[in-house]
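Here's the structure we're looking at; comments come further down.
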Amino acid sequence: MDSPQLIKVEYGQLGFCFQMILEDQRMKRIVKIIMIGFCLGVLLLFIKIVFQIPNSVFWQYYLIFSGIVLVGLPAFNVFYNRHYLKQMNAAVRLYKAGHTEEYIAEVESLRRRAKGRFANNMLTINLSAGYCKLKQYGKAAELLESLSHMKLSGEYQLVHRINLCLCYFYQKQTDRAVTLYESSQSVFSRYRNSRLHGGSIAVLDIFAAIGIKDYVRAAELLQAARSTWDDARFAEDFCYLEEIIHQPQAE
């Protein structure tokens, strides 16, 4: 099944359900820079007083040093994250080519070396999609649950919840799946018509209808999803859901 999602790791169209939103990271970076600047100013003022540095000399070096810090830290952060994005791009090609075990090994390796929450969160969520594709839903859920206590936002939050819902549904943990699905409606609603994410949300809608034993509604949603999301990625999910819907009628 290919309905699990990954965080998009390149700029441009992959033709797959990946998306990376950096606004939250930018805001956190700005706050961090302001805090570092404040602490740096206090430290330099202390040095000025202790060593009785003249004002002209102090402000000259203060401006130079501050400029280096204010430009250097964001630049390092950007290049560091892009380094992992570039390596993640190479791994995604393995995923799309069907080399799922090689993909998992590569992402696991990247994740072990990653520093910082941004890279680690991205790699953890993308790793879960690999385990989902191998139908190792327990392992995928374990990875995703390790991020549940974190304050994810934007499409990180969306992809995390989509993948975790799918894991619970496929593991037949229906109560947990439906609870998470219902609590995620405010997140899903913004992306229902998204070409990138709408198909996976449609799959969850069908699972949820089955979860509350509304098989008529599930059949209607399945028919609508097949006509709206005519994508080979969802074929296996749709066939699986159709089998479940028809089981009560066959009994």
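The values are calculated or read from the model by the stated rules, or taken from the named source; none is laboratory data. Everything numeric in this text was worked out from a predicted model, so none of it was measured. Note: ideal-geometry Cβ built from the backbone for every residue, glycine included; neighbour counts use all protein chains shown. When the accessible area is computed, the model is the full protein with side chains, heavy atoms only, and any ligands, DNA or RNA have been set aside. Shrake-Rupley method; radii C 1.70, N 1.55, O 1.52, S 1.80 Å.
For Ile47 and Glu108, compute 0.36 nm times the residue count separating them, minus their Cα-Cα distance, and round to one decimal in nm.
Taking 0.36 nm per residue and subtracting the Cα distance, the gain is 17.5 nm.
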Solvent-accessible area per residue for the range 101-251 (1.4 angstrom probe, square angstrom): 48
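What percentage of all Cα-Cα pairs in the range 108-170 are separated by more than 16 Å?
Working: 737 of 1953 pairs.
Of all Cα-Cα distances in the range 108-170, 38 percent exceed 16 Å.
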Just to check, using Stokes-Einstein with a Kirkwood Rh over alpha carbon pairs, what's the diffusion coefficient of the range 176-251 at 4 °C and 1.567 mPa s in µm²/s? 102
Output needed for the range 93-251: three equivalent-ellipsoid semi-axes, defined as square roots of 5 times the C-alpha gyration tensor eigenvalues, in descending order, whole Å. 27, 17, 15
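Set the Förster radius R0 to 25 Å, insert the Cβ-Cβ distance between Glu243 and Ser189 as r into 1/(1 + (r/R0)^6), and round the FRET efficiency to 0.05. Could the numbers behind the result be given before it?
Values: r = 29 Å, r/R0 = 1.14.
Calculated value: 0.30.
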Leaving ligands and nucleic acids out of the surface, order His83, His160 by accessible area at 1.4 Å, largest first. His83, His160
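Just the number, please: carbon plus sulfur as a percent of the accessible area of the range 174-251, 1.4 Å probe, no ligands or DNA/RNA counted. Provide the component values of the computation, followed by the final result.
On the way: 2150 of 4350 Å².
C and S atoms contribute 49 percent here.
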Roughly how many debye, to the nearest 20, is the charge dipole of the range 136-205 about its Cα centre, given +1 on each Lys and Arg Cβ, -1 on each Asp and Glu Cβ, and no other charges? 160
